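A short write-up of the structure that comes next.
The values are calculated or read from the model by the stated rules, or taken from the named source; none is laboratory data. None of the values given here were measured: they were computed from a predicted structure. As a convention, Cβ positions derive from the backbone with ideal geometry for all residues, glycine included, and neighbour counts pool all protein chains shown. Ligands, DNA and RNA are excluded from the accessible area calculation, which covers all protein heavy atoms including side chains. Shrake-Rupley method; radii C 1.70, N 1.55, O 1.52, S 1.80 Å.
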Amino acid sequence: MQTKQKAEGILRKMFQGGLIKRMPKNHDDALFFLALAASSFDSQCVYSESEVNHHLVEWLVGFTQADEMDHVTVRRYLVDFQMLMRDSSGTEYRTNQTVINNVIEPAARSIQPRYVMEAVRVERLRRKRAATKTPISCT
């Protein structure tokens, strides 16, 4: 189970290359990513497919490359990994808190990936600026 500190570390690692273009290859990282996406839904609500799609589009903004990682793929993975349960008619969705709880601690659910992405971007810019500054010569 991922703690908040471990979860932030996983996200930082994912964002080192910039925007996420695809699901993480590492199985545990992918499960974490999906659990974080699933936990962004209100556990007390029932959602239509269009509401799930809209929510995921909004959630993915700022840390994924939309033309390469789309909300439909994420929704399918959430259902496949049973983090979102779909009714037999395929019209209503709800979160599966049991599965989510096995992957991510409640404290880690508050992490906003777009803010972690922004922090990584700022740190990268600082390092780049520090590396390109040349010392002033006093001769």
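Before moving on, here are some points about what is shown:
- Residue selected from segment 90-116 under the condition more than 17 Å from LEU60 (Cα to Cα) and open to solvent by 80 Å² or more (accessible area, probe 1.4 Å), by the criterion modelled with the lowest pLDDT: PRO106
- Restricting attention to segment 45-89, the residues that are open to solvent by 60 Å² or more (accessible area, probe 1.4 Å), among the aromatic types (Phe, Trp, Tyr) and either within 30 Å of ARG121 (Cα to Cα) or touching a Ser or Thr at 6+ places or on another chain (Cβ under 9 Å) (or both) total 1.
- Positions within segment 11-20 being part of a helix (DSSP H, G or I) and either within 10 Å of the chain's Cα centre (by Cα) or in contact (Cβ under 8 Å) with a residue 60 or more places away in the chain (or both), in sequence order: LEU11, ARG12, MET14, PHE15
- Filter result for GLU8 (in a helix (DSSP H, G or I), within 16 Å of TYR115 (Cβ to Cβ) and touching a residue at least 24 places away in the same chain (Cβ under 8 Å)): yes
- Selection within segment 21-39 - in a helix (DSSP H, G or I) and more than 18 Å from GLU105 (Cβ to Cβ): HIS27
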